[in-house]
Structures are given as C-alpha cells and as structure tokens.
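Engineer: Input: one structure, supplied below.
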Amino acid sequence: MLMPHPAVLRTLVDEYEATKANGSAEDDTRAQDLAYTLCVSTGTREVDRALEVARGWLAAATADDTTTRRSTDDGPRVYA
C-alpha cells in the first residue's frame, strides 16, 4: 500500500481535529470530507481507526527522521 507523505498526513490530521472542534454545519461537511480522505489514505474504514493509524505512521516517521540523520565532523547534517 502506498503511504502518504508525513507532511500531507499531518495536515489532514490537524485540519480534521480543528474542524471537529469548531462544530458548525459547514465544518461538519468538511470534517466528513477529511474523514473520508484519512480513511482512504490509511486503508481503514472508520475515522477513529484512521486517526490511530495516521498518528502511528507520523510517530514512526518522526522517529525514523531522527535516527537516519547523522552529524559529520566537517559540516551540516547529512542523511544516511
């Protein structure tokens, strides 16, 4: 399965959570659209599960980013 880029996934999660917090009718329609996109992006059928998977992937991407970078003695960080 293809995985969405972490930045895209982070935007989806953040926007979904912000939209759900507002609670207006317009926001409810947008939240439904975002929920669908999250489900498709994570290969799930329920938004709660999609959020759980997305958060796991984001945590793994963050952990992977910090472990793949290394410092060199003569310059900036490079990616291994």
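The values are calculated or read from the model by the stated rules, or taken from the named source; none is laboratory data. Because the structure is predicted, anything quoted here is derived from the model rather than measured. Note that each Cβ is placed from the backbone with ideal geometry, even for glycine, and that neighbours are counted across all protein chains shown.
Engineer: Consider region 50-80. How many of its residues are modelled with pLDDT of 95 or more, closer than 18 Å to L2 by Cβ and either not in a helix (DSSP H, G or I) or not hydrophobic (A, V, I, L, M, F, W, C) (or both)?
Structural biologist: 1
Engineer: Return yes when E15 is free of Cβ contacts under 8 Å to residues at least 24 places away in the same chain and either under 20 Å from A59 (Cα atoms) or touching a Gly at 6+ places or on another chain (Cβ under 7 Å) (or both) and no when it is not.
Structural biologist: Judged against the criteria, E15 is a match.
Engineer: When residues of region 40-49 are filtered for being over 19 Å from A7 (Cβ atoms) and without any contact (Cβ under 8 Å) to a residue 24 or more places away in the chain, how many remain?
Structural biologist: Number satisfying all stated conditions: 5.
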